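Heads up: the structure comes next, in structure tokens.
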Amino acid sequence: MLQIYNTLSRQKEYFRPLHEGRVGMYVCGPTVYGDAHLGHARPAITFDLLFRYLQFLGYKVRYVRNITDVGHLEHDADEGEDKIAKKARLEQLEPMEVVQYYTNRYHHDMEALNVLPPSIEPHASGHIIEQIAFVQRILDHGYAYISNGSVYMDVEKYAKDFPYGKLSGRNLEDIVTDTRELDGQDEKKHSYDFALWKKAAPEHIMHWPSPWSEGFPGWHMECSTMGTKYLGEEFDIHGGGMDLMFPHHEAEIAQSCAALGHESVHYWMHNNMITIAGKKMGKSYNNFITLQQFFNGDHHLLTKPFSPMTIRFFILMAHYRSTVDFSSEALEAAEKGFARLQEAYTRLQKIQPADKTTVEIGDLRNKCQDAMDDDLNSPMVLQALFDSARAINTIYDQKASISSEDLDELRKVWKDYAIDILGLRLGDEMANDKSQMSNKMSAFNGAVDLLLDIRLDAKRNKDWATSDKIRNNLTELGFQIKDTKDGYEWTL
Ligand SMILES: [Zn+2]
């Protein structure tokens, strides 16, 4: 039976869905104002693993992952410019052009990483009416106040009736000392009160009418609203990165309790961070490497390009609740590990069955299932697959044999766990891999250069027959060759 670590109880719990056979899960998605980096790949892959495993177990899963396209200010504490509006101003674009551009690129990166699309991907800007209604419910219940056209959560009042800070383990005193004094704080009763609705400054380009002001929702509001809209007032799982636990998820809990009178989420799950030289990788730390840079090798910290599958494998090599420290060397090691797995998978398809099995193939299916049931222990699944790879290699080298029945089962387990659950593209599927394509392209370019170098030597040796043959045949294939002072140029 599946156990998952619930951040609320700080322990592993057996997963029992609210409705038999069905699971509702909500994961905080990207704020679309820049390219996705390695830090974004981690929650996407972690909750893709969960989504895939729940479906493998036979659950009908409704997976909601939002797109934040309004209201996420530069400082998480309600202040500063809207991240998307700022980008739009700098690039002289409509905010929704910025949103569309980065949403498309996010989808593209996720597809490369073999992250399945969620069942619903709601945009915050498409749910303003619902968010206004949610804020109104909190006001009606007396847990919020209006100040200068903005609406703030009355955290002190709320904390008298509900435990504020229970997810992150903070109390109000810690929060007071942690909260920076920023502009606009004078609108609030207390520095820890957070905005449910913000009145837009005159220069602010994204705003909507509301009963309180022309403005926009606070960042935390969209997740409470869209989670309960699509999954119900109570639902099973809410996920996200550990960095969202406070203030974002704590605020979500407070909003839901204040509006609905009870909590919405049964299991809170948080993936740990990716660090780079021990520091969290993130846009605000300016130490991030985008996924595209990984795929192209275009960053000074990278020794070479890394395929999306190497990135996926690298992330799955660690348990989602451990930190992962990035380095180019660690990625090179992951690349080798992934190649070993690919080789074993390819060999597994080629093996011929014999009368009986003479190698220890172990209880691979149970090992994989036990590992996944133990809070999605992907490194243990990979370990079991590597053990199995050793047996596969022994059979492939004809030092042992396998019966037809055992071979079928072995192939099924690899298909179930390596391909369907871990989501690794092995075997033929690797042809889809972008970096494999770029490797092929560079080999192709090198081969054409080699031919033209040979032609250059032939010309110097006055071997006109060879020189003409290379030129004519390449031209026939569609190449245009231009002789230059230093040698040649070519295009296809
Ligand atoms: Zn969220």
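Coordinate-derived values only; no laboratory data. All values reported here derive from a predicted model rather than from experimental measurement. Counting neighbours? That spans all protein chains shown, and the Cβs are built from the backbone with ideal geometry, glycine included.
Tabulated data for the structure shown
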{"item": "Eligible aspartates and glutamates near K462 by straight Cα distance, threshold 19 Å, same-chain separation 8 or greater", "result": "D453, D483, D486"}
{"item": "Taking N as its residue count, the alpha carbon Rg of region 296-344 over 2.2 N^0.38 Å", "result": "1.14"}
{"item": "Reachable lysines from K86, criterion Cα separation under 19 angstrom, eight or more residues apart if same chain", "result": "K198, K199, K283"}
{"item": "FRET efficiency for Q352 and Y14, using Cβ-Cβ distance with R0 set to 45 Å, rounded to 0.05", "result": "0.60"}
{"item": "FRET efficiency estimate (nearest 0.05) - Cβ-Cβ, Q383 to K304, R0 30 angstrom", "result": "0.70"}
{"item": "Selection from A333, H204, N445 lying farthest towards where the dipole of the chain points positive, charges on Cβ", "result": "N445"}
{"item": "The chain: mean projected area of Cα convex hull, nm²", "result": "30.2 nm²"}
{"item": "Helical mean residue ellipticity (222 nm; -39500 (n - 2.57) per DSSP H run of 4+; nearest 500) of the chain", "result": "-13500 deg cm²/dmol"}
{"item": "Charge dipole (the chain, unit charges on Cβ, about Cα centre) - positive-most of L291, Q136, T225", "result": "L291"}
{"item": "Potential extension, D186-V448 segment - 0.36 nm per residue separation minus Cα distance", "result": "87.5 nm"}
{"item": "Nitroxide proxy distance, nm - points 7 Å out along Cα→Cβ at T323 and E79", "result": "2.8 nm"}
{"item": "Crossing angle, helix 38-56 versus the chain [Cα axis fit, 0-90 degrees, rounded to tens]", "result": "90 degrees"}
{"item": "Dipole of the chain, positive end: most advanced residue of W414, H19, G478 [Cβ charges, Cα centre]", "result": "G478"}
{"item": "Residue-count net charge about N445 - beta-carbon cut-off 15 Å; Lys, Arg +1, Asp, Glu -1", "result": "-2"}
{"item": "Charged-residue dipole, Cβ positions (Lys, Arg, Asp, Glu), the chain about Cα centre, Debye nearest 20", "result": "1260 debye"}
{"item": "Within region 3-271, percent of DSSP bridges classed antiparallel, to nearest 5", "result": "50 percent"}
{"item": "Under-5 Å amide H pairs with I67, H placed in peptide plane, nonlocal only", "result": "H123, A124"}
{"item": "Only Lys, Arg (+1) and Asp, Glu (-1) charged, at Cβ; region 434-491 dipole about Cα centre in debye", "result": "60 debye"}
{"item": "Largest-first principal axis extents of the Cα set of region 352-492 (Å)", "result": "68, 37, 21"}
{"item": "Contour excess over end-to-end distance, with Cα ends at E111 and E343 and 0.36 nm allotted per residue", "result": "81.2 nm"}
{"item": "FRET efficiency for W490 and M441, using Cβ-Cβ distance with R0 set to 22 Å, rounded to 0.05", "result": "0.95"}
